[in-house]
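Please read the structure below before turning to the comments.
The numbers here are math on the coordinates, done by the rules we state, and not lab data. Just so it is clear, the structure is predicted and the values come from calculations on it, not from any experiment. Here the Cβ positions follow ideal geometry from the backbone for every residue, glycine too, while neighbour counts run over all protein chains shown.
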Amino acid sequence: MDVRQIKEYFDSHRRASLVFESIDSTNTYLKAHPQNFGTLALALSQTAGHGQFDRVFESPDSGLYMSLCVKYIPSFPMTLASANAVFDSLYELCGIECRVKWVNDIIFDSRKLCGILAESVFCGDSSFTVIGFGMNLKKGRLSDDISKIAISLEEIVKPELHDGILPALALKIAENLEKELSRSKEAVIERYKRICISEIPENAVFI
């Protein structure tokens with residue numbers, strides 16, 4: 001699907017969206033250009049995708065790169081809620097059960113499928129959080145080093161991914177994240193613990 005078709009898909013589901021052929025980073029864009037809560041930004045590729053600690057996140061035109069603008073909620077475990085949303089979305093749309101590696105890596109068969117990055121912008125009563133998701137959809141477009149530790153959805157889902165999986169998955173993640181944000185902090189943490197394969201640090205702070 002091209003940019004126009006993806007935008008039309010979101011419009012038909014009444015989801016405010018910004019769709020780019022290519023951009024430096026959807027997270028960077030939303031932080032610099034605040035949108036109404038619930039607005040989804042999606043790019044077919046990124047030139048400067050990044051993860052935690054500004055690590056480079058390869059973003060060729062074979063993945064899902066999206067960010068969602070949500071209201072800042074003090075002391076709420078945004079990253080954990082986002083991981084729960086990805087887990088639910090992949091199960092509902094693709095019938096697969098992934099797992100989470102502390103704190104923000106979605107994995108399948110011990111290889112990384114998706115990364116999450118939550119970044120908050122503080123500006124008084126208008127503070128907001130941007131949550132970014134980067135998921136490998138198709139194989140063969142990542143560097144050799146990354147391919148050794150990453151897996152694509154195409155390698156998991158059989159017989160093959162349908163053409164509309166990109167916007168459908170993006171929309172489902174957004175919807176499931178909003179459900180997570182309506183839960184209590186304790187409920188989000190409990191759900192996360194059930195799908196996390198890592199030993200959670202004793203001194204972990206869930207915010």
Problem set entry | Filter result for residue 194 (of a type outside the set (A, V, I, L, M, F, W, C), closer than 19 Å to residue 87 by Cβ and either surrounded by 12 or more Cβ atoms within 10 Å (Cβ to Cβ) or in contact with an Asp or Glu (Cβ under 9 Å, 6 or more places away or on another chain) (or both)) | no
Seminar exercise, completed: Counted residues in segment 176-192 being without any contact (Cβ under 8 Å) to a residue 24 or more places away in the chain and not hydrophobic (A, V, I, L, M, F, W, C) come to 4
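Right, residue 168: surrounded by 14 or more Cβ atoms within 10 Å (Cβ to Cβ), in contact (Cβ under 8 Å) with a residue 40 or more places away in the chain and among the small types (Gly, Ala, Ser) or not?
Yes.
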Problem set entry | Residue that is farthest from residue 72 (Cα to Cα) [pool: residues in segment 5-42 that are among the β-branched types (Val, Ile, Thr) and either out of contact with any helix residue (DSSP H, G or I) (no Cβ under 8 Å at 6 or more places or on another chain) or in a helix (DSSP H, G or I) (or both)] | 6
Exercise. Which one is nearest to residue 191 (Cα to Cα) among residues in segment 84-133 that are in contact (Cβ under 8 Å) with a residue 24 or more places away in the chain and hydroxyl-bearing (Ser, Thr, Tyr)?
Worked result: 89
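Matching residues to (1) on the phi < 0 side of the Ramachandran plot; (2) of a type in the set (Lys, Arg):
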{"residue": "124", "(1), (2)": "no, no"}
{"residue": "129", "(1), (2)": "yes, no"}
{"residue": "138", "(1), (2)": "yes, yes"}
{"residue": "144", "(1), (2)": "yes, no"}
{"residue": "158", "(1), (2)": "yes, yes"}
{"residue": "162", "(1), (2)": "yes, no"}
{"residue": "173", "(1), (2)": "yes, no"}
{"residue": "177", "(1), (2)": "yes, no"}
Exercise. Of all residues in segment 103-153 being in contact with a strand residue (DSSP E or B) (Cβ under 8 Å, 6 or more places away or on another chain) and among the acidic types (Asp, Glu), which is surrounded by the most Cβ atoms within 10 Å (Cβ to Cβ)?
Worked result: 105
